[in-house]
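I have placed the structure first, in the form of structure tokens, so that the comments after it can refer back to it.
Each reported figure results from applying straightforward, stated rules to the coordinates on display, with no laboratory input. Quick caveat, the model's predicted, so the values are computed rather than measured. Cβ: placed from backbone, ideal geometry, glycine included. Neighbour counts: every protein chain shown.
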Amino acid sequence: MSASSPTQVAVIGAGLAGAACSSQLALLGSSVTLFDMGGRGPGGRTSTRKQAGYQFDHGCQYIQPAEQGHLRGLFKQWQSEGALDEWRGTFGVLDRACGHWQADQGRTLLVGKPSMDSLVKHLAAQQGIQQRWAFKVQHLERLDDGRWLVHGTQRHPGDDPDEPKTEGPFNAVLLADILTCQSGVGAVEMGDEAAKQLLHPVGEAIKKSPCFSLMAALHVGSDAAGVSAASVSGCDALQWIACDSAKPGRERTDGMHCWVAVTSEAFARKAMSASGGQPDMDALSKQLLQKLREALRVINPDLTDDQLEAPFAAVQRWGSGFKAECHPEAYIWDPEGRIQPASSVQQPPRHQRPPEKSCVGHGNHETCRWL
Ligand SMILES: Cc1cc2nc3c(=O)[nH]c(=O)nc-3n(C[C@H](O)[C@H](O)[C@H](O)COP(=O)(O)OP(=O)(O)OC[C@H]3O[C@@H](n4cnc5c(N)ncnc54)[C@H](O)[C@@H]3O)c2cc1C
């Protein structure tokens, strides 16, 4: 890669993985074009909903701090740039089966500031990255000289029809949403047999895990409730509750507090199959709000009905909130074809993972060396 002709890289998907890869590549001198089909810009599942004057991180809740290695350095850098901050609070595990609350003192988590999507927006705005939002990539064409053309459609606001568009050529392509490697709806057509053979098995190995996120504004905050966030076990509905307003940079002055509750996969599957895939979101919202209140009352039985009243509640459905199974090989790339899947799922299971590997921006290091 010479200074006069930077390597042109297409990164498809501006979630945390795609944005982190793009940022690293741009820092090393590549010229990156970052595509996302979302009209609201980057974020993916690291997203924040703003509605009715409230703000909720309704996707990714926090990032696990890294003890050492490359990721630790990255997190420190993002903290110094003001896009990531430490979240100190009262965390713990709530066992609903036996009604036991165990606070986990001294734990620190990392969150985007002032919202979870701020981190991705910050990374995607870096110099050297060209942003292409509302651009759905549909087809990768391999040219005779080995480079890639990216074909897709640009969505326009209003009723204007989608516009077919082509960008490139690119020296290399990173697919930063593994679902693009699967066959069927949402897949990107690979105009190259070798790439297809390499990537399709990776995509097919991934199992999607649905969930719902409840977003509720309550009168009670984390101090009075006695909890900032909790993993929930033994509950037929919830796996996680958190006071979003307790995260750094989200303080409110109106006396309201934003809470998020994430359901278990089993609950989401049951709700979907019982409703033929069309759950009544209002009914779901009421049901999950009740589960959140019950969970909070186990931690603090003195909470009153007034404190737990919710002037706002809504539910977000995540078809593939988590990817249940990871691909066993952490890093897969085709140096010949110069194409690589690079998202949060190609990593060994947590217990086999060396400390440096995390769901955030994994593969950056290897990709940058390779390019
Ligand atoms: C409710 C919930 C809570 C979670 N909590 C945590 C947590 O606390 N900690 C944690 O580490 N993880 C958590 N996760 C998981 C975490 O959010 C994901 O692992 C991570 O955000 C995935 O990042 P990614 O960049 O790989 O994919 P994504 O964020 O899914 O990004 C992929 C992007 O690719 C784009 N895209 C796809 N196809 C195309 C195409 N053809 N053309 C253009 N763009 C395309 C999509 O629009 C999307 O923006 C949670 C997830 C959910 C849903």
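Among Cys21, Cys235, Cys258, whose mean-square fluctuation peaks in a Gaussian network model of the chain (Cα, cutoff 10 Å)?
Comparing Cys21, Cys235, Cys258 in the GNM, the peak value goes to Cys235.
Work out, step by step, the length gained on full extension between Ala52 and Thr166: first 0.36 nm times the residue separation, then minus their alpha carbon distance; give nm to one decimal.
This chain segment gains 37.2 nm when fully extended.
Name the long-range amide H neighbours of Gln239: under 5 Å, sequence gap of 5 or more, or other chain; modelled H, no Pro or chain starts.
Result for Gln239 returns Val262, Thr263, Ser264.
Return an integer: the convex hull volume of the alpha-carbon atoms of the chain, in Å³ per residue.
It comes to 150 Å³ per residue, whole-number rounded.
Can you say what percent of the DSSP beta bridges in the chain, counting only those with both residues inside, are antiparallel? Round to 5.
Numbers: 50 of 75 bridges.
Restricted to the chain, the bridges split so that about 65 percent are antiparallel.
At 222 nm, what value in deg cm²/dmol follows for the chain if DSSP H runs of at least 4 each add -39500 (n - 2.57) and the sum is divided by all its residues, to the nearest 500?
-7000 deg cm²/dmol
Size of the dipole of the chain about the Cα centre, Lys and Arg at +1 and Asp and Glu at -1 on the beta carbon, nothing else charged, in debye to 20?
Dipole about the Cα centre, nearest 20: 400 debye.
Can you tell me how much longer the chain between Arg317 and Arg269 gets when fully stretched, taken as 0.36 nm per residue apart minus their C-alpha distance, in nm with one decimal?
Details: separation 48, 0.36 × 48 = 17.28 nm, distance 1.11 nm.
Separation in residues times 0.36 nm, less the Cα-Cα distance, equals 16.2 nm.
If packing is taken as the average number of other Cβ atoms within 10 Å across a peptide's residues, how do 210-221, 6-17 rank, most packed first?
6-17, 210-221
When only Cα pairs under 8 Å and 6 or more residues apart are kept, what is the percent relative contact order across the chain?
21
Pairs to check: Lys207/Lys247; Lys50/Lys291; Lys136/Lys196; Lys165/Lys270. Give those whose C-alpha atoms are more than 29 Å from each other in this structure.
Working: Lys207/Lys247 31 Å; Lys50/Lys291 23 Å; Lys136/Lys196 19 Å; Lys165/Lys270 40 Å.
Violating the 29 Å Cα-Cα cut-off are Lys207/Lys247; Lys165/Lys270.
How many nm separate the modelled label positions at Lys286 and Glu309, each set 7 Å beyond the Cα in the direction of the Cβ?
1.8
Helix 16-27 against the longest principal axis of the chain: what's the angle in degrees, Cα atoms only, rounded to the nearest 10?
50
In the range 124-279, what percentage of the DSSP-assigned beta bridges are antiparallel, given to the nearest 5?
90
Can you give the FRET efficiency for Gln130 and Cys98, using 1/(1 + (r/R0)^6), R0 = 41 Å, r = Cβ-Cβ distance, to the nearest 0.05?
My answer for the efficiency is 0.15.
How tilted is helix 193-205 with respect to the longest principal axis of the chain? Cα atoms for both, answer in degrees (0 to 90, nearest 10).
Approximately 10 degrees, to the nearest 10.
By average Cβ neighbour count within 10 Å, what is the ranking of 287-296, 28-37 from highest down? Can you show the working numbers first?
On the way: 287-296: 19.6, 28-37: 21.5.
The packing order, highest mean first, is 28-37, 287-296.
Between 0 and 90 degrees, rounded to the nearest ten: what's the tilt of helix 265-274 against the longest Cα principal axis of the chain?
Helix 265-274 sits roughly 90 degrees off the main axis of the chain.
Report, as a whole number in µm² per second, the diffusion coefficient that Stokes-Einstein gives for the range 158-269 at 4 °C and 1.567 mPa s using the Kirkwood radius over alpha carbon pairs.
Reported coefficient: 71 µm²/s.
In what sequence do Thr153, Thr253, Thr108, Thr90 fall when counting other Cβ within 10 Å, fewest first?
Exposure proxy ranking, most exposed first: Thr253, Thr108, Thr153, Thr90.
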